[in-house]
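Chemist: Next up is a structure, given as structure tokens.
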Amino acid sequence: MKSTTRGTLAAVVTCVAAAVATPAVAADGVPVAVPLEGVENSLNMEMPRIGGTVPLLMPGSPDGPRYVEGRLLPDRAVPQLPVSGQLPSLDLRTPLPRVLGDTFDHFAASTPTSDLRALTPGASLDAPLSAPRPDKLGLPDPKLPEVGILAPVLQAAPGANLGLAPGL
């Protein structure tokens with residue numbers, strides 16, 4: 001096989017692999033279904049349908065330390081890491097025999113995906129010495145050390161849908 005043919009074949013295989021792998025990497029979540037068909041067939045009765053989506057969380061870039069005049073250590077020495085994603089979704093449909101009549105009525109509950117934003121905890125520290133002072137020939141003054149904990153943040157708007165209906 002000539003080297004140009006091998007090069008062309010390698011380029012085609014690389015492009016196909018990139019096209020196949022890209023949708024899997026770009027997915028927001030992984031669908032999950034609970035397989036209950038075997039139980040339904042063995043017991044000869046209608047079983048619930050359960051499914052959902054497990055989200056993939058994406059970490060962001062942390063906000064770096066900020067230098068403040070008069071401090072030896074930068075502010076936010078341990079930065080907070082932003083994380084974004086979605087809350088998991090759930091879809092449940094189950095039969096309710098003879099609750100609202102002679103036919104099988106069904107109860108349905110679902111939680112749609114909703115956006116999720118979070119910040120991990122962080123810390124702000126300062127040394128027990130002040131900045132060098134020119135009036136004391138560059139020597140720092142002693143002071144009390146400072147330690148601050150940056151609280152974690154969680155923002156989401158979850159929701160749910162409930163309903164009764166005939167048929168699955």
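The values are calculated or read from the model by the stated rules, or taken from the named source; none is laboratory data. Everything quoted here is computed from the prediction, not taken from an experiment. Reconstructed Cβ throughout: ideal geometry from the backbone, glycine too, with neighbour counts over all protein chains shown.
Chemist: Quickly run through region 48-64 and pick out the residues that are surrounded by fewer than 16 Cβ atoms within 10 Å (Cβ to Cβ) and under 27 Å from Pro121 (Cβ atoms).
Modeler: Matches in region 48-64: Val54, Leu56, Leu57, Met58, Pro59, Gly60, Ser61, Pro62, Asp63, Gly64.
Chemist: Further, regarding this structure: I'm trying to understand the selection: among the residues of region 148-168, which are closer than 16 Å to Ala109 by Cβ and either outside any loop (DSSP other than H, G, I, E, B) or aromatic (Phe, Trp, Tyr) (or both)?
Modeler: Result: Asn161, Leu162, Gly163, Leu164, Ala165.
Chemist: Exactly one condition in (1) of a type in the set (S, T, N, Q); (2) loosely packed, with under 13 Cβ neighbours inside 10 Å; (3) more than 30 Å from Asn44 (Cβ to Cβ); (4) modelled with pLDDT under 85 is not met by Gln155; state its number.
Modeler: Gln155 satisfies all of (1) of a type in the set (S, T, N, Q); (2) loosely packed, with under 13 Cβ neighbours inside 10 Å; (3) more than 30 Å from Asn44 (Cβ to Cβ); (4) modelled with pLDDT under 85 except (4).
Chemist: Does region 95-108 hold any residues that are loosely packed, with under 15 Cβ neighbours inside 10 Å and at pLDDT 65 or above, and which are they?
Modeler: Selection gives Leu96, Pro97, Arg98.
Chemist: What are the pairs with Cβ atoms under 7 angstrom where one residue, in region 139-159, is within 24 Å of Arg71 (Cα to Cα) and the other, located anywhere, is in a loop (DSSP other than H, G, I, E, B) and among the small types (Gly, Ala, Ser)? Sequence gap at least six, or different chains.
Modeler: Filtered contacts from region 139-159: Pro140/Ser130; Pro140/Ala131; Asp141/Ser130; Lys143/Ser130; Pro145/Ala127.
Chemist: Output yes when any residue across region 79-89 is within 28 Å of Ala160 (Cβ to Cβ) and either acidic (Asp, Glu) or more than 30 Å from the chain's Cα centre (by Cα) (or both), and no when none is.
Modeler: No.
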